[in-house]
Amino acid sequence: MFHVVRYQCLKLTQNVGSSVHRKLIFPRTLAFAQLWKSWLSTLSLAGDQNIVLMGPPGAGKTTVGRIVGHKLGCHVIDVDDDVLETTWNMSVTEKLQDVGSRQFIEEEGKALLKFSASGSVISLSGSNPMHAASMQHVKKNGIVVYLDVPTRDIIDRLELMKVDRIVGQDSGISVRDILQFRKQFYKKWFDIRVRCEGGLTAEAVADKVLDAVKRYQDSESETFISTRHIRSEMCEQKYFTEAVVEGLASDGGLFVPEKGLPTFSAGEWQSLVEATYIERAQIILERFIHPADIPAFKLGEIVEIAYGENFTCSKIAPLRYLTGNQFLLELFHGPTASFKDLALQLMPHLFAYCIPKRCNYLVLVATSGDTGSAVLDGFSRLSDTDKQRIAVVTFFPEDGVSQIQKSQMISCQRENGWSVGVRSDFDFCQTAIKEIFTNSDYSGFLTVEYGTALSAANSINWARLLPQVIYHASAYLDLVHQDIITFGSPIDVCIPTGNFGNILAALYAKRMGIPIRKCICASNENNVLTDFIRTGLYDLRGRRLMQTLSPAIDILKSSNLERHLHLIASGDGQLVTQLFSELEKQCHFQLQKDLLEKLQQDLVAGWCSEEDCLAAIHSVYSTTGYILDTHTAVAKVVADRLQDRTCPVIISSTAHYSKFAPAILRALRISEIKQNPLSQLHLLSSYSPLPPVHRGLLETLKENEKQKHQICAADVNVMMAHIETVIQNQFMKVF
């Protein structure tokens, strides 16, 4: 008999056409995994299925198809030559001239509907994907591979081939516009994307196609393990869907990809220089997420929803020149005005897709300020159906966030989201949530009594961390696109750091091929990370968490540091377990010399006092008219001290200054500071600052000034009681 618990397994289901993907259902068993692997082993690379090459005209589908077919010993079919012209008894060009673009697509579709093949390599025409019925027919027995060639390269190829007209090109419509229009159809149908950077031979593209098809069929190989997994013991492997839903490994460790991070070649990165943020996001995420977990077309839908109309800047995470060799990566254009929106507009949709349809989930969050409002806003944007089965509780230090941050969190409470103030600091909130997660008796009780499982939305959750890699990569590509550097030139990044998630994402981007020289870790007066990176000693003995003007990095226990130590220790989970056990029991640990040297290859660190933070805000405003928030000011100060000015440095601007109005007014030496958050924002706005006061934040505070929130004692049992009350209010009304 199966019971619904946090440890989930997988079921094969069919999506559009032949796309096999995973959905969570019941507890996973080794026998099931072996059955799935056995099924895969019965297939050859293509088996009875076709490999269907799709892409714009000039993508090289015909040539690549012939090479792939030759390598596999498969029959090769070119739709233009072997289907259309044979059916019509005339050339494709003559047919297009005879019937016109609109009728041509219909005639082309009819011909393809009568066609069938198996175990073949099929090269579609560039316009086949515009006919829905025929593409559904093709997908029934085919793996559709999208040869994604940058638009500029396609135009150059078409000019070289002297192609003067393609389907859909009427007078006054450019080839670029048609190619852009067609992308929506390609995105709808593909199972696998092969990014074809400039300069690749057809042979190299064919090899990439074969590698991509192998990956598509071998979904069993992409698993996650705990950072505390000991190699000599049986490994608790999880798929992406499971890692996202469970949030935290059962041994208290964090999930990481078992086989490491995906990489991009220099050419692949360069092919993304002219891409939009949304295009870059989908392509990067496809490398991390196997189609069996989330099919490519669904992932594309999620990305477009997440980074669509919710951001006030169309560039999502724009790069702004500041001064000298310094650039600001503005990460505050989302609905709650902090960098957390870049992950938390996306993560809830990934989570909702991954969880079982008949289970309720309560997402627990510890926040030092910005995460709370971002997670509440993100999960409130789910569909009504999803909101009935997914609820969120955020725990924040009642007196450890800014007044506006608290007002914003309270204001962002919705029908499926609650904020609870805890009479302690962030480290207690985070430790308490980890304790709740690893309390199997309590989570089992919630499952049996209420049919509800727990999950997390902090950056301990892989799906929270993953989207942050995108904006670090995108920032570098923007520098290249703006002709500030050429690809391959090094940069430094400087990041205000508390829980180590944001800077870890930059370190991951470096591992994936982005030429980041050094990641500069910037701390406030809670500078435990600065000391650790300089000495290898992580020491909490005698340290007291200090409340500063940059509360989002008022953290002493940096959770995501564990993932980085696991990475530089070559996956030595036993060592990671030992280190964090020592930290828990003895409040300190010391890295051995060789690991410290590895750590310092990528990282340098410094810290900033409160006085220097305020002085930096005043100085930058006086010289440029730009207002830094307190966290960005911390990073600016540290970058000034540590960066050698031999290459550009990108400073992560992690929040909008509007969230810290009292500190900003103080830094700007404005004497009259009113207590009301709205009054503070209006006062700031009167100075016509750059960038303007965040309108979304202003509207949120206006709409919900009188909303209340709960407060609880610094006691894990009291927090668990709050959780149970939320479950009763949210989910039991459904029964």
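Suppose all protein chains stay in the model; what accessible area per residue would a 1.4 Å probe give for the chain, in Å²? Each step should come with its number before you reach the end.
On the way: 28400 Å² over 735 residues.
Heavy-atom SASA per residue in the chain reads 39 Å².
To the nearest Å, what is the center-to-center distance of region 428-483 and region 564-626, using C-alpha atoms only?
20
Amide H to amide H, which residues 5 or more places from Val422 or on other chains are under 5 Å from it, using H placed in the peptide plane?
Sorted by chain and number, the residues that satisfy this are Phe396, Glu398, Cys712.
Give the peptides 215-226, 346-357, 262-273, 239-250 in descending order of average Cβ contacts within 10 Å, highest first.
For the peptides 215-226, 346-357, 262-273, 239-250, the packing ranking is 239-250, 346-357, 215-226, 262-273.
Mind putting a number on the dipole of region 211-340 about its Cα centre? Charges go on the C-beta only, +1 for Lys and Arg and -1 for Asp and Glu, and I need it in Debye to the nearest 20.
Details: 12 positive and 19 negative charges, 87 e Å.
Around 420 debye, computed over region 211-340.
Between the helical axis of 175-189 and the dominant principal axis of the chain, each derived from Cα atoms, what acute angle in degrees is found, rounded to the nearest 10?
80
Label-point separation (nm) for Gln675 and His75, each offset 7 Å from Cα along Cα-to-Cβ?
According to this spin-label approximation, the distance is 8.2 nm.
Output the pairs from Lys95/Lys188; Lys183/Lys214; Lys259/Lys510; Lys188/Lys259; Lys406/Lys702; Lys214/Lys298 with a Cα-Cα distance over 19 Å in this structure; if there are none, say none. Don't skip to the end; give the middle numbers.
Details: Lys95/Lys188 26 Å; Lys183/Lys214 25 Å; Lys259/Lys510 17 Å; Lys188/Lys259 29 Å; Lys406/Lys702 14 Å; Lys214/Lys298 21 Å.
Lys95/Lys188; Lys183/Lys214; Lys188/Lys259; Lys214/Lys298, as the Cα separations exceed 19 Å there.
What list of ³J(HN,Hα) couplings, whole Hz, do you get for region 504-521 from phi and the Karplus terms 6.51, -1.76, 1.60, once you set θ to phi - 60° and write x for glycine and proline?
With coefficients 6.51, -1.76 and 1.60, one gets 5, 4, 5, 5, 5, 4, 4, 4, 7, x, 6, x, 8, 7, 10, 9, 9, 8 Hz.
Rounded to the nearest 500, what is the chain's calculated 222 nm mean residue ellipticity when only DSSP H runs of at least 4 contribute -39500 (n - 2.57) each, over all residues?
On the way: 32 runs with 332 residues, N = 735.
Result for the chain: -13500 deg cm²/dmol, rounded to the nearest 500.
Please compute the alpha carbon radius of gyration of region 303-449, then divide it by the globular-protein estimate 2.2 N^0.38 Å. Two decimals is fine. Before the final figure, lay out each step's value.
Values: Rg = 16.8 Å, N = 147, 2.2 N^0.38 = 14.7 Å.
Normalised Rg, Cα atoms only: 1.15.
Using only Cα atoms, locate the centre of region 65-101 and the centre of region 279-351, then give the distance between them in Å, rounded to an integer.
A separation of 39 Å, based on Cα centres.
What's the Cα-based Rg to Rh of region 555-680, Rh via Kirkwood? Please report the intermediate quantities before stating the final value.
Numbers: Rg = 19.3 Å, Rh = 17.5 Å.
Using Cα coordinates only, the ratio equals 1.10.
Let me have the relative contact order for the chain, percent, based on Cα pairs under 8 Å that are six or more residues apart. Walk me through the intermediate numbers first.
Details: 1364 pairs, mean separation 93.7, N = 735.
Taking the mean separation of contacting Cα pairs over the length of the chain, I get 13 percent.
Over the chain, with every protein chain in place, what whole percent of the accessible area is carbon and sulfur at 1.4 Å, could you tell me?
Details: 14240 of 28400 Å².
Carbon-and-sulfur percentage of accessible area, whole number: 50.
Based on the mean of other beta carbon atoms within 10 Å per residue, what is the order of 725-731, 206-212, most packed first?
Details: 725-731: 17.3, 206-212: 19.9.
Ranking the peptides 725-731, 206-212 by packing returns 206-212, 725-731.
To the nearest 10 degrees, how steep is helix 277-288 against the longest Cα principal axis of the chain, on a 0 to 90 scale?
Roughly 80 degrees between the two axes.
Placing unit charges on C-beta atoms (Lys and Arg positive, Asp and Glu negative, everything else neutral), compute the dipole magnitude of region 508-591 about its Cα centre in debye, rounded to 20. Mind dumping the intermediate values first?
On the way: 11 positive and 8 negative charges, 56 e Å.
It works out to roughly 260 debye.
Please identify every one of the GluC sites (Glu not before Pro) in region 275-315 that sits in a loop by DSSP and has no more than 13 other beta carbons within 10 Å of its own beta carbon.
Working: sites: Glu279, Glu286, Glu301, Glu304, Glu309; in loops: Glu309.
Listed in order of number, the matching sites are Glu309.
For a quick check: with amide H placed at 1.01 Å from N, whose amide H comes under 5 Å from Val363's, ignoring anything fewer than 5 positions away on the same chain?
Sorted by chain and number, the residues that satisfy this are Ala391, Val392, Val393, Ser455.
Based on DSSP, what percent of beta bridges with both residues in the chain are antiparallel, to the nearest 5?
Details: 17 of 73 bridges.
Counting DSSP beta bridges with both partners in the chain, the antiparallel share is about 25 percent.
Between Trp88 and Lys188, what is the FRET efficiency for a Förster distance of 22 Å, r being their Cβ-Cβ separation, to the nearest 0.05? Before the final figure, lay out each step's value.
Values: r = 26 Å, r/R0 = 1.18.
The calculated FRET efficiency here is 0.25.
If you average 1/r over all unlike Cα pairs in the chain and invert the result, what Kirkwood radius do you get in angstrom? All intermediate terms of the calculation are to be shown ahead of the outcome.
Details: mean 1/r = 0.0367 Å⁻¹.
For the chain, inverting the mean 1/r across all distinct Cα pairs yields 27.2 Å.
Ranked highest first by average number of other Cβ atoms within 10 Å, how do 666-674, 371-379, 567-575 line up? Display every interim value, and only then the final one.
Values: 666-674: 13.3, 371-379: 29.3, 567-575: 17.6.
Output ranking for 666-674, 371-379, 567-575: 371-379, 567-575, 666-674.
So how tilted is helix 370-380 from the main axis of the chain? Cα-based, degrees 0 to 90, rounded to 10.
Long axis of 370-380 versus the principal axis of the chain: about 40 degrees.
Using a 1.4 Å probe, how large is the accessible area of Lys71, given in Å² and rounded to the nearest 10?
90
The values are calculated or read from the model by the stated rules, or taken from the named source; none is laboratory data. Source: prediction; values computed, not measured. In this analysis, Cβ positions are derived from the backbone assuming ideal geometry, glycine residues included, and neighbour counts consider all displayed protein chains. SASA here: full protein model, heavy atoms, side chains in, ligands and nucleic acids out. Shrake-Rupley method; radii C 1.70, N 1.55, O 1.52, S 1.80 Å.
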